[in-house]
Structure formats: C-alpha cells, structure tokens
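Structure record follows, encoded as structure tokens.
The values are calculated or read from the model by the stated rules, or taken from the named source; none is laboratory data. The structure presented is a predicted model; accordingly, all values stated were derived computationally and were not measured. Quick reminder, even Gly has a Cβ in these numbers, built from the backbone with ideal geometry, and neighbours come from all protein chains shown. Surface areas here come from the heavy atoms of the whole protein model, side chains and all, with no ligands, DNA or RNA. Shrake-Rupley method; radii C 1.70, N 1.55, O 1.52, S 1.80 Å.
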Amino acid sequence: MQAKHVLIFGLIGYLALGTLAAYFYQERTIFLDSSFILFSIASTGEFAVQANRFGSALTQFFPWLGVNLHLPIRAVMILYSVGIVLYYFLCFYAAFKWLKNSKLALSILLINTFMVSYTFWWMQIEFAQGIALSVVFLAFMTRERQWQDYTAVEISAFFLLLVTLLYFHPLMPFLLVYLLLFGLIDEQLKLPKKQLWTVAILSGVILFFKNYVMTIAAYDDQADRGISNFSTLPNYFDIQSNYNFIEYCQKDYYLLPLGLLACLIVLSVQRKWKKLMLLAGMFFGYLLLVNVSYYQGMPQFHIESFYLPLSVFVILPLVFDVFPLIKKRPIMLTLLGLILCIRIIHIGSLHKPYSNRLVLQNKMLDKLEKLDSKKLVLDQKDVPLDTLIMSWGSSFEFWLLSSLRNPEAPRSIVIDEDPARFDWTMSNNSAFFTEWGIYNYADLPKRYFNFTDIGYYQKAKLE
C-alpha cells in the first residue's frame, strides 16, 4: 500500500470520527469525568490534570483555550469533544509526515478504530491518549539514526516524550516494552540496541522516581492493588472477567480475535518465532493481568480502556507482516476500507445508552423547573441507574446540561447514595454543591456559573 493511500484513509477516518464527535458532543462531554474536567477548567481557568497524568493537558488544551477565550459553554464542549479526535489525528500525521513512517501512522489509525467501542464515548481516557503517543514515540526511535546524529532539540523531545508516556498511566510500561521489542526484532523498523537500552535504563530511573520518591496518586495506588489477586484467587480462568471478555469479543471486539488468529498463523508459517512469542506472550499475559486484577468484572466502558493495548499487540504484526502478503492493491484497499467503515459505523451505533442518559436528565431538569428551588439533592436509589449508568458526576453533568438550555440560569441536581450527608448544607443558598466539594458562588466565574436567585437546596423525589 502506498503512503498516499494511508494518508487518504487517515483523512477520511478521522473526519468521520470528528463528525461523530461534533454531532454527539453532549453524549461525550456530559458524562462523568469529562463533565468534571470541564467544570474544573471553567471554574479555575486552569488545566484539570489528575493523578499526575500531565499528558492529559494535551487534550485539555482545547477546552482550556475555549474557556480563556470566553467562548460560550456549548463551544467549549464541542472543542473538547472534537479536540480529542484532532489530537489522535495529529499523532497519526506526526508519524506519517514528520517521522515518515506510513505503517506506524496506519497503526495509529487502526488503534483508534479496530477495537475502540465505548471508550469513544468515555473520551477523556489518559491511557488511550498515551497509547497513540507511544506509537509516535516508536516512530521517533526507529528513524535509522544513532544517538550521535540526534540534535539537542531531538534529545530534549525524546526525554520529554518518555517522561510524559510513563506518567500517562501505570500500565504504560507494559505497552512500551512490547513496542520497543517489536521495533528491535522487526526487519523494517530496526530499532538500534543503543536506543533500546537507553530507553530501558531511563525508564527504570523515571519509574523509580515516580513510584518511590514522589507520592503515588491515591487513584493509581488503589488500582495497583488488584495485582494482589494473583496470590489469593484459587483459579485464574474461572472468573467473571474472562467470561465478560469473551462476550465483549462476540459483540464489540470481533475483529480482535480474527486479527490475532491471522497474525499467529502468518508468523508461524513465516517462522518468525520471536515475533510469535512476543505477540502470544504479551497478549495472553496482559489479558490475564487485567482480568485477574478485576476478576469480578467492571463496567465495559471502564475496563475497555485497560484492554486497548491488546489491539496494539495485534495491529503491529497485522500491518507489518500480514497486510504486505496481500499483493493486489485493490484487495488491500477494499479490506482496509471495510475495516474502517464497519468499525466507525459500530462506534456510532453505540451512542444510544448515552443519548438515553440525556433524555432522562432533560426530563429531570423539566421537573425541577416546577419546584420552588432550582437546586436539588436526590437519593441514588430513587433514580434509574440502569439508564444513568453512574451517578457520581451528576452535579457536573446537570450544570453542563442546564447551561446549554439557558446559560443565564444553570441548575444543580446532586444524586448521591447517602443524601443525608448534605443535610448540614441545606441552609446555604450561596454555594454550589458537588459530590466532591462545595463551591461558593463568589469563587466561581459568573460567565459559566450564574447561580443567581435559585434558592436553597432541597431533598425531594422526582416522580
């Protein structure tokens, strides 16, 4: 496949994803973490980096820019939704144009479509952003250049990229190990051993500093505890997460087992034993790590973010070893076109749970308007959680949704599993309550938080 075809597919693919992101911007932004991030940026004018994952500032730049340009909240939301797709396109374009590696650019495009399902809608995931950037890092490291040929700017960029990647997510080292070993044994990438050892040694130093010198973020520390399940579970295979994964492969990740099988067969026939062992070892080893760590299962939109490296393990040999066997260009172009078309249509079809959330939330706001107070605390058990999915971000979500309806009159609804903990706040009519804290009106910018004359909070049921 010629490089120009990769560019065309990239332009079409990311344009389609960007169109979905623009059309369904409410579904993508009025959902849990995305709403909280927008609230944080709008209330402070600063980035909302959490758990030391400062690489997330690369995508938060878009809503941050909108807020500091004093754009309407609708424009800020669209900027955030579309900006994340633009970030992935820029990773693709950097590998293609700047680093001149069309195969790794194609790999990034496939990583954003091949397996992605619900993580398109839970859009702010740092791990997914780090995965795309890590392939750019591999392209950067495999340019057939030795260290002595690097300029000072390039060395600085290398170090900055590596630090950013290792701080993106605790699971990033597993992905980097795979990428670097693949680059070392692949006859086209030819990663120099000096570069490999430099990355390995520097990564060890950075991870030691991150995990033993700096304070580990509470969220990451809690997530790491799942590894202890390896010493307590009597059976690694008869667990709920394994059954869930099989179900996910049947209805959403159907290309993943097909791609894996194709790669295993081709690598076996071609006697590329190192690649075969790398693919099989990393795929099944990493899958076991995730499923044992979360053996009871968890919502698919969340655990899918942990599964995303599985697509990377498959896509690289697919692009570098399987696709080149298809010599007839029309067949290859048709196959790639079908993959992208099927996956983008599939991603778009998954909007329904998120659209249904918006319908429910709009109905709740309609009922709120009939009450004297425009601020409400609800008990989680009185809300249809099967539609709402999760409730912890309700205060941020309803602030966004009500601001879209009327920027001059945002509303507040807090849904909590223990609404009694808000009893002491009911006499305060000058604060915005959230699940994570209380904010005085005076401390919030009026442009996005014009909570004037909407009364006290009250506890009630919305029948």
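Of note:
- Working from label points 7 Å from Cα in the Cα-to-Cβ sense, the Ile345 to Asp382 distance is 4.5 nm.
- DSSP finds beta bridges in the stretch 359-463, and of those with both partners inside it, around 35 percent are antiparallel.
- Across Lys97/Lys327; Lys190/Lys251; Lys210/Lys446; Lys193/Lys275; Lys4/Lys328, pairs whose alpha-carbon gap is larger than 27 Å: Lys190/Lys251; Lys210/Lys446
- Within straight-line cross-link reach of Lys381, lysines at Cα separation under 21 Å, skipping those fewer than 8 residues along the same chain: Lys363, Lys367, Lys459, Lys461
- Taking a ≥ b ≥ c as the square roots of the eigenvalues of the alpha carbon gyration tensor, the stretch 166-320 is oblate, as a/c is not under 1.5 and a/b does not beat b/c.
- Relative to the longest principal axis of the Cα atoms of the chain, the long axis of helix 255-269 makes an angle of roughly 10 degrees.
- Loop trypsin sites (Lys or Arg not before Pro), the stretch 221-325, which have at most 14 other Cβ atoms in a 10 Å radius of their Cβ (DSSP): Arg271
- Value of relative contact order over the chain, rounded to a whole percent, pairs C-alpha under 8 Å and six or more apart: 19
- Probe 1.4 Å, protein heavy atoms only - accessible area per residue of the chain in square angstrom: 44
- When you filter the trypsin sites (Lys or Arg not before Pro) in the stretch 344-399 for DSSP loop state and at most 16 other Cβ atoms inside 10 Å of their Cβ, you are left with Lys370.
- Carbon plus sulfur fraction of accessible area for the stretch 302-411, probe 1.4 Å, in percent: 62
- With K and R counted +1 and D and E -1, the other residues having a Cβ less than 13 Å from that of Gln60 yield a net charge of -2.
- Fraction of accessible area attributable to carbon and sulfur, the stretch 118-176 (%, probe 1.4 Å): 66
- Averaged over residues, the count of other Cβ atoms within 10 Å places the peptides 400-406, 106-112 in the sequence 106-112, 400-406, highest first.
- Between helix 3-23 and the chain: long-axis angle, C-alpha atoms, 0 to 90°, nearest 10: 10
- For the chain, share of DSSP beta bridges that run antiparallel, in % to the nearest 5: 35
- The alpha carbon gyration tensor of the stretch 356-463 gives principal lengths a ≥ b ≥ c with a/c of 1.5 or higher and a/b no greater than b/c, which makes the shape oblate.
- Using alpha-carbon coordinates, inclination of helix 126-141 to the longest axis of the chain, degrees: 30
- With the helix formula -39500 (n - 2.57) applied to DSSP H stretches of n ≥ 4, the chain reaches a computed 222 nm mean residue ellipticity of -19000 deg cm²/dmol.
- Under the criterion of Cα pairs below 8 Å and six or more residues apart, the relative contact order for the stretch 280-412 equals 15 percent.
- Local net charge near Glu144, Cβ-Cβ under 12 Å (Lys/Arg +1, Asp/Glu -1): +3
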